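This report concerns only the one structure given below.
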Amino acid sequence: MFKKRQENLGGPTVRSFVLISILLAGQALSSSPLQGNQAAIRSQVTFLYYEDLPEAIRFYEQALGLQASFSLEWVKIFQVADGASVGLVDIRRGHFKQAETKGVMLSLVTDDVDPWYARLKGLDAKLLSSPKDSPQTGTRGFLFQDPGGYTLEFFQWLER
C-alpha cells in the first residue's frame with residue numbers, strides 16, 4: 001500500500017531541539033496574557049501541500065485513521081485532537097507551492113507509540129526510525145514520512 005524505507009534522518013540532537021522548541025512555544029502561549037480585547041486562540045490547523053492530494057488523503061484516512069472535519073475538492077482538514085487539526089491542500093489551489101525540502105514536522109502525541117509503529121510497519125509506510133527512548137527529552141518516539149515527503153512523528157511522554 002505505502003512504500004517502505006527505513007533510514008535515520010536527524011539524530012537525537014535534531015529531535016531534541018524540535019521537541020524542546022515545541023514545549024517552549026506551548027509554554028509561552030499558555031502563560032502569556034491576552035492584550036486588550038484580543039480573543040483567545042481556540043484551535044490550530046497545520047496545512048501541508050501535496051502534488052497528489054488523493055494519495056495523501058488516503059494515507060491520513062487509512063494509515064492514521066483520521067476523519068475529515070472539513071472538505072472541499074482542493075482541501076481536506078482532519079481533526080487530530082481537541083483543538084488541533086492538519087489540513088491537506090492541493091498545490092494547484094493552495095496559498096503555498098509544494099517544496100522539495102519540507103520545513104515542517106507534524107508531531108502526534110499518544111500514550112503508546114509501539115502500536116502505532118506496528119500499524120504503520122504493517123501498512124508498509126515509509127518508516128524513518130524505530131521507536132526509541134530519549135532520556136534527554138523524556139519521550140519515546142519514532143519518525144515516518146507521508147506520501148508527500150513530510151516527516152511525521154509519534155511520541156509519548158515518559159515519566160513526567
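Each value in this text was obtained by applying a stated rule to the coordinates, not by laboratory testing. Remember, predicted model here, so these are calculated numbers, not experimental data. A quick note on method: Cβ atoms are made from the backbone with ideal geometry, for glycine too, and the neighbour counts reach across all protein chains shown.
What the table below lists for this structure:
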{"read-out": "Percentage, to the nearest whole number, of Cα pairs in region 69-116 over 15 Å apart", "value": "60"}
{"read-out": "Filtered GluC sites (Glu not before Pro), region 74-160: DSSP coil and at most 14 other beta carbons within 10 Å", "value": "Glu100, Glu159"}
{"read-out": "Cα-based reach from Lys132 at 18 Å (exclusive), listing aspartates and glutamates while leaving out same-chain residues under 8 positions away", "value": "Glu7, Asp111, Asp112, Asp114, Glu153, Glu159"}
{"read-out": "Chymotrypsin sites (Phe, Trp or Tyr not before Pro) restricted to region 68-160 and DSSP loop, no more than 16 other C-beta within 10 Å", "value": "Trp74, Phe96"}
{"read-out": "Candidate aspartates and glutamates for bridging to Lys76, where Cα separation is under 17 Å - those fewer than 8 sequence places away on the same chain excluded", "value": "Glu51, Asp52, Glu55, Glu61, Asp90, Asp146"}
{"read-out": "Cα-based Rg / Dmax (Å) for region 44-157", "value": "14.1, 44"}
